[in-house]
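Here's the structure we're looking at; comments come further down.
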Amino acid sequence: MSALLQFEGITKRFAGVPVLRDVTLAVETGTTLGLVGENGAGKSTLMNILGGNLRPDTGRLIWDGRPFAPAGPAEAAAAGIAFVHQELNLFPNLSIAENLFLTRLPRRGRLPWIRRRELAAQTRRWLREVGLEAAPETPVERLSAGERQLVEIARALSLEPRLIIFDEPTTSLSDRETRQFFELMSRLRARGLTMIYISHTLEDVLRLSDLVAVLRDGALVGHGPRTDFDAARLITLMVGRSLNQLYPSRASWAQPAPAPPGTPLLEVRDLTQPGVVRDVSFTLHAGEVLGLFGLMGAGRSELARMLFGLDPFARGTVRLAGQPLRSIKPDRSLRCGVAFLTEDRREDGLALEASIADNLALVTLRRHAHRSTGWLDLAGLADAVRAVRAAVRLTPTARDEAPVQTLSGGNQQKVVLGKWLLADPRVLLLDEPTRGIDVGAKFEIYQLIHKRADAGAGVLLISSELEELIGLCDRILVMRRGELVDELRRADFDRERILRAALHERSTA
Amino acid sequence: MLRRALDSEYLVLWLVLASFVALLPFTPDLASRQNLVNLLLTLLPLLILACGQTLVLITAGIDLSACSIMAVASVVGGLAMNGDTGWLAGSPWAAPAGVLLMLAVGVVFGAFNGLAVAVLRMPPFMVTLTTMMAGSGLAIWLTRSETIYNLPPAFNALGGHLALAAMIAVALAGGAHLLLNRTLLGRWLYAIGHNARMAHISGVPVTGVTLAAYVLSGLLAAAAAVLYTGQAETASPLLGQRLLLDVIAATVIGGTSLFGGRGKVLWTLAGVAFIKLLDNSLNLLNCSFFTITMVKGAVVLAAALLDATRRRLLEAEA
């Protein structure tokens, strides 16, 4: 057996932060590699390098015995590498057949007419292959999420690739569809197709793979035949030991007895929105940093959006400082002292072309305006901006008038945090506040979070980085598939238990 | 160097002065007292109109209906005020009541646009395009396609008397300037234009602010109609039919971005001056109407290109 694909010493950094460290891994022809790791462990980056979306800083790929450096996705596809992504990459307005053959529709010679009958015949063949009973002309928007996933797989297969990468292919499938998918996978394997299977469902990985590889913090920490692993061992490897990353300590943690919880600030009861969250109940206390952990798609961000009034919910109650909130809307939440730092700072957090001062002032602008005329007190506004710039330690070299987009990611995030801190909120909902920023800025943001909590605010901290939550929080809630499945106090923090709850592994470890 | 020039706030203002000086040897009439008065008289209502457009463009919207709103306001005012058949005829309050009525027309049309865009989330281009068509149709239907004469002299003075017209225009443009720079509403308009999703999350009442932008645009269009109608001493359903290009061109040439978030009344002033100067000098050079239109079209294209280039440079910088 020879290796179809080899990663040789792949290293990749983003803004100086290593996301892949010297990964060396081979995939033998005709085998299936199971790839596991926490969110942010480097799986996607590795696959993006393979797919030609990213280039490694050092190291190289060997494809079919030759060095391989795809310049883009098209080149990777031409080499015979196909991806089935977790996010669906289909055109909903087009038919199944058009989605499958968009870039290579069968035509009449060189004329721009499509041979519809042949297109339908070819499409039907691939749909049969994946076990989807639908007419080739059906628009994709009429299909269920699971059926769409099957169309994606059919598209990948129709390229007749030599290697298929499945990235969380079963998250949107029903049980029946999942079983069908597994049958399909064993058929493909029997035919000798090489596959890489990425999933958080460890039992599936163990069942479907020949080889298993575990990534943690960008490094390959375990790798070998499937028979050498069980779910418990995989989890231990994924979690590893504590990193040497620094987190600030809170004064309250040093006390011998844990401080009694503060007054309840935000009480959530039975919050339900079908398909998103189910019966979520928790209480956020004054002075508390409450972590919310879950894998991607567990419903963490969606929960925060509901609490701030951006998304609707079907059932449940939310009380703020004892007062029930009836209809929740962003401007009302804001007036009640709730702040929401969103996950996507470019889309939801900032006006990138506007100045630093305007961005910082936006949330609290109303306080500096005359009640009836709206006339702004510019001097007062400038004072507030100056104060908050100092509080979040924004880089002093940037002028107030400079567009926010000229700042680094860390400083941009400080602007977002600063504009909410100006509102002096009682409840802070922070969704991935340190995503994509450098270590120094992270530490400063951690300090700001603790400072707010020490001042009596309640902080709900959402993060995909378990280390971060363990380093910062008083309590951690674990969410899986829209439900809260576990709750741990600081004294009981246990990486394996949290990850197991998030993954739902029936492990004996 | 190129970037500095493109980024300069007053690029267009300098361009206006430079082209004025450059054109003077060819058309000495340009600087004549009579010509300058004429230039100013036609510049003022266009400035008011363009200020309304600026407010809407800042929110990343567009108001194509401004000129039709003007026509309807003019006609409604004319029908009410004219000395022959108007129901305000002979009343000492004819002029003020007529003006109020015209402004009300602007507010109603603006509110319609604003509700469709802000509440029903319809695309501004489509909404105002249809309002434009319906408005000009309505204006013609109301008058059976005829021009209305015999308006009260007090009303005609508002647009025809240079000092009075200048006072009104300066007050309105100055008001728009202060609104944008010194008030909550102004800052909110910019925030929405930059990133409406972000503005919503940051507690900006996006619906109300967007509505306000279109209402103000309608109101300013009606105010411009008061000046134009007074200047011509006639109310015409065809008023402003050819102005739409000028309005959008002036605003965009000034530097207000079609993508939203960028724009200033001072820039718009420069843009209006530029367009009017172009118009006036080509006229004095005996160019035909068609030539002038073609040249203006080319200038608008150049302005749009400038806007896109500016954005590209900004993005490259980031």
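Just a few scattered comments:
- Filter result (in a loop (DSSP other than H, G, I, E, B) and either in the same structural domain as A:Ser186 (by TED's automatic domain parsing) or hydroxyl-bearing (Ser, Thr, Tyr) (or both)) within the range A:113-158: A:Thr138, A:Ser144
- Sole exception among (1) in a helix (DSSP H, G or I); (2) modelled with pLDDT of 95 or more; (3) among the aliphatic types (A, V, I, L, M) for B:Ala60, by number: (1)
- Residue, nearest to B:Arg182 (Cα to Cα), within the range B:253-300, restricted to residues that are at pLDDT 90 or above and of a type in the set (D, E, K, R): B:Lys264
- Just so you know, in the range A:336-345 the residues that are within 26 Å of the chain's Cα centre (by Cα) and either more than 7 Å from every other protein chain (Cβ to nearest Cβ) or within 23 Å of A:Ala286 (Cβ to Cβ) (or both) include one that is surrounded by the fewest Cβ atoms within 10 Å (Cβ to Cβ), and it is A:Asp344.
- Qualifying residue in the range A:487-500 (condition: under 30 Å from A:Val205 (Cβ atoms), in contact with a Ser or Thr (Cβ under 9 Å, 6 or more places away or on another chain) and part of a strand (DSSP E or B)): no
- Residue check, A:Ala71 surrounded by fewer than 18 Cβ atoms within 10 Å (Cβ to Cβ), assigned to a loop (DSSP other than H, G, I, E, B) and modelled with pLDDT of 85 or more: yes
- Residue satisfying condition, being assigned by TED's automatic domain parsing to the domain that holds A:Ala304, at pLDDT 85 or above and surrounded by 12 or more Cβ atoms within 10 Å (Cβ to Cβ), within set A:Val212, A:Val277, A:Val221, A:Val205: A:Val277
Yes/no matrix, rows are residues, columns are (1) part of a strand (DSSP E or B); (2) out of contact with any helix residue (DSSP H, G or I) (no Cβ under 9 Å at 6 or more places or on another chain):
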residue: A:Ile196; (1), (2): yes, no
residue: A:His200; (1), (2): no, no
residue: A:Arg207; (1), (2): no, no
residue: A:His223; (1), (2): yes, yes
residue: A:Leu234; (1), (2): no, no
residue: A:Leu237; (1), (2): no, yes
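- Filter result (touching a residue at least 24 places away in the same chain (Cβ under 8 Å) and exposed (fewer than 14 other Cβ atoms within 10 Å of the Cβ)) within the range B:110-145: B:Val119, B:Phe125, B:Met133, B:Ser145
- Counting the residues of the range A:298-335 that are assigned to a loop (DSSP other than H, G, I, E, B), within 14 Å of chain B (Cβ to nearest Cβ) and buried (at least 16 other Cβ atoms within 10 Å of the Cβ) gives 4.
- The number of residues in the range A:129-142 that are buried (at least 19 other Cβ atoms within 10 Å of the Cβ) and either within 27 Å of A:Thr45 (Cα to Cα) or aliphatic (A, V, I, L, M) (or both) comes to 3.
- The sole residue among A:Asp348, A:Asp358 that is at the interface with chain B (Cβ under 9 Å from one of its Cβ atoms), over 26 Å from A:Leu320 (Cα atoms) and not in a loop (DSSP other than H, G, I, E, B) is A:Asp358.
- Scanning the range A:388-412 for residues that are more than 14 Å from chain B (Cβ to nearest Cβ), surrounded by 20 or more Cβ atoms within 10 Å (Cβ to Cβ) and β-branched (Val, Ile, Thr) yields A:Val388, A:Val392.
- Some residue of the range B:78-101 being in contact with a strand residue (DSSP E or B) (Cβ under 7 Å, 6 or more places away or on another chain), surrounded by 14 or more Cβ atoms within 10 Å (Cβ to Cβ), assigned to a loop (DSSP other than H, G, I, E, B) and at pLDDT below 95: yes
- Yes/no for B:Ala250 being surrounded by fewer than 24 Cβ atoms within 10 Å (Cβ to Cβ), touching a helix residue (DSSP H, G or I) at 6+ places or on another chain (Cβ under 8 Å) and among the aliphatic types (A, V, I, L, M): no
- When residues of the range A:143-182 are limited to those that are more than 22 Å from the chain's Cα centre (by Cα) and hydroxyl-bearing (Ser, Thr, Tyr), the one modelled with the lowest pLDDT: A:Ser144
- Tally, over the range A:361-385, of residues that are surrounded by 14 or more Cβ atoms within 10 Å (Cβ to Cβ), among the β-branched types (Val, Ile, Thr) and either over 40 Å from the mean Cα position of the chain (by Cα) or more than 10 Å from chain B (Cβ to nearest Cβ) (or both): 1
- Some residue of the range B:136-151 being within 25 Å of B:Trp267 (Cα to Cα) and of a type in the set (Ser, Thr, Tyr): no
- Criterion: within 29 Å of B:Leu39 (Cβ to Cβ) and either modelled with pLDDT of 95 or more or hydroxyl-bearing (Ser, Thr, Tyr) (or both) - qualifying residue of B:Met122, B:Met132: B:Met132
- Within the range B:145-182, tally of residues that are charged (D, E, K, R) and within 21 Å of B:Asn82 (Cα to Cα): 1
The values are calculated or read from the model by the stated rules, or taken from the named source; none is laboratory data. The structure displayed is predicted, hence computed values, not measured ones. Reconstructed Cβ throughout: ideal geometry from the backbone, glycine too, with neighbour counts over all protein chains shown.
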